[in-house]
Structures are given as structure tokens and as C-alpha cells.
1. For segment 103-117, give me each residue that is of a type in the set (A, V, I, L, M, F, W, C) and at pLDDT 95 or above.
2. Just checking, does segment 182-192 include any residue being more than 16 Å from N117 (Cα to Cα) and among the polar types (S, T, N, Q)?
3. Taking segment 135-169 only, how many residues are surrounded by 13 or more Cβ atoms within 10 Å (Cβ to Cβ) and within 29 Å of V73 (Cα to Cα)?
4. Just name the residue that is surrounded by the fewest Cβ atoms within 10 Å (Cβ to Cβ) out of those in segment 192-217 that are in contact (Cβ under 8 Å) with a residue 40 or more places away in the chain and in contact with an Asp or Glu (Cβ under 7 Å, 6 or more places away or on another chain).
5. Mind listing whichever residues of segment 47-60 are among the polar types (S, T, N, Q), modelled with pLDDT of 90 or more and either over 16 Å from the mean Cα position of the chain (by Cα) or not in a strand (DSSP E or B) (or both)?
6. Can you name the condition, by its number, that F106 falls short on among (1) aromatic (F, W, Y); (2) within 17 Å of the chain's Cα centre (by Cα); (3) not assigned by TED's automatic domain parsing to the domain that holds M25?
7. Within segment 116-129, is even one residue over 30 Å from F63 (Cβ atoms) and either under 32 Å from the mean Cα position of the chain (by Cα) or surrounded by 12 or more Cβ atoms within 10 Å (Cβ to Cβ) (or both)?
8. When you scan segment 130-146, do you find a residue that is touching a residue at least 24 places away in the same chain (Cβ under 8 Å), in contact with a strand residue (DSSP E or B) (Cβ under 7 Å, 6 or more places away or on another chain) and under 23 Å from Y224 (Cβ atoms), even just one?
Amino acid sequence: MKRILTVLVITIMLTSCSSKKQGNMIVEGQIKGLKKGKLYLQKIKDTLLVSVDSVAINGSSNFKLTDNIESPVVYYLTFDGNTKDKRILFFGEKGTITINDNVENFGLKPEIIGSKNQEILDQFNKIRSRFQSERLQFIKKDFDAKKANDKKLIAELEKDYSQLIKRKVLFTTNFAISNSDFEVAPYIALTEMYDASLKMLDTVNVSLSPKIKASEYGKSFQDYLNTIKKNEEK
């Protein structure tokens, strides 16, 4: 009997030491070409970037990371905890999220499956990149016009650039409203609508469902609006 109890105790100890605590979000996948290093799962907590899990890579390019998540938020998958060098930004949520990438172009075009908020964010980013491209073209044209002291062209470019900003704000507002049942909506409003009027911001906020308003980004967006309104009253 003592022998059986001893075996059971050892088994339990080995299991508790070797098994990894599972969260309600699992992030797994493969980074092709990665033979050795360390991957970190990170997120913003109280304005600070913190690591919630990590895994050492030694030979196999497969990985598995976990976290307990209450509300869908943005996470970072990074090398050695350094988000300034190489990172993958993705929207985390409950369930299993699969991320596949390669070590040479890490973070440029990762394949991310299993997050509905991420799917919506990808759709937004495709259009956002077009606006960014147009903006860069305007910057170059403006630089050349000022160098040539072409006042007429400078005035035209300022007018066109103003229209570009208005189109971007309108698109972002409509996109957030169209996806108001997802946490990505207030996230986009917080990170992309800095040129929007209070009226536009309020329009997005009103469209959010009660569930999204109660989410982490929903609350942050409400706090952001409250701060703007207080400043305007001064």
C-alpha cells in the first residue's frame, strides 16, 4: 500500500511540474526557420507592456502560449520580449488562435486564424494602408512644391490633403459603426480617430452594443470621450 501511495505522489509531483497552466486563450503555431530563441506573449497592462507567458525554442519551430483573458485585447508575440525589433500584433480572444510566420520576415505578413476581431482588423488595415500610401505621396508632393516655391500648388495640395483626412475619418467612423458588436470597434476609434470631431466620436460610442461598452476598450473609449468633453468645457 505504501508503495502504491509513493508512486501516486511521485506521479502527481511530476505532472504538476511538467504540465503548463492552461488559460482560456491558447496561442499556438509555427515560426519557420526559428531553431533557437525565446518567444514572449505580451500585452499592455496599466500602460505597461508585460509578458504573460513565454516559451523557449530549441530545435522545433512550433510553439504554444496561453493566457486568461476577460475581454478581447491586443497582444504581441515577440522575440526575447523586444517589441521594437520584431513583433506580431494580434487581437487576442478566448479559444485557440493559430499564428504561422517565418523567422526572416517575422511580423510582416503573419497568418493569424481563430480571432474574429483580428479578421475585422485585417480588413480595416487593408484600406488604412491605402490612405497611408496617399498620405506619403502628398508629403512628397508638398516637399517638392515648397522647394520650388510653387504657392499655387502648395495651396491645392493643402486643400486635397484636407479632403484626404476627411475621407479617412469618415471611412474609419463608418467601419467602426459597422462592427459595433466587436471589441475592435472602440480599439479602432481609440487608435485611428485622433483627427475626428467629438460628434464623430460620439456617433461611434452610441453605436456600441452594451457588451462592447463594458469591454476594456469600450471603457477606455468612454474615458477618452469624457476627458475631451471636460477639456472643451474649460
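The values are calculated or read from the model by the stated rules, or taken from the named source; none is laboratory data. Nothing here was measured: the structure is a model prediction, and the numbers come from that model. In this analysis, Cβ positions are derived from the backbone assuming ideal geometry, glycine residues included, and neighbour counts consider all displayed protein chains.
1. I112, I113
2. no
3. 4
4. S215
5. Matches in segment 47-60: S54 only.
6. Status for F106: all satisfied but (3).
7. Yes, there is a match, as at least one residue in segment 116-129 is over 30 Å from F63 (Cβ atoms) and either under 32 Å from the mean Cα position of the chain (by Cα) or surrounded by 12 or more Cβ atoms within 10 Å (Cβ to Cβ) (or both).
8. No.
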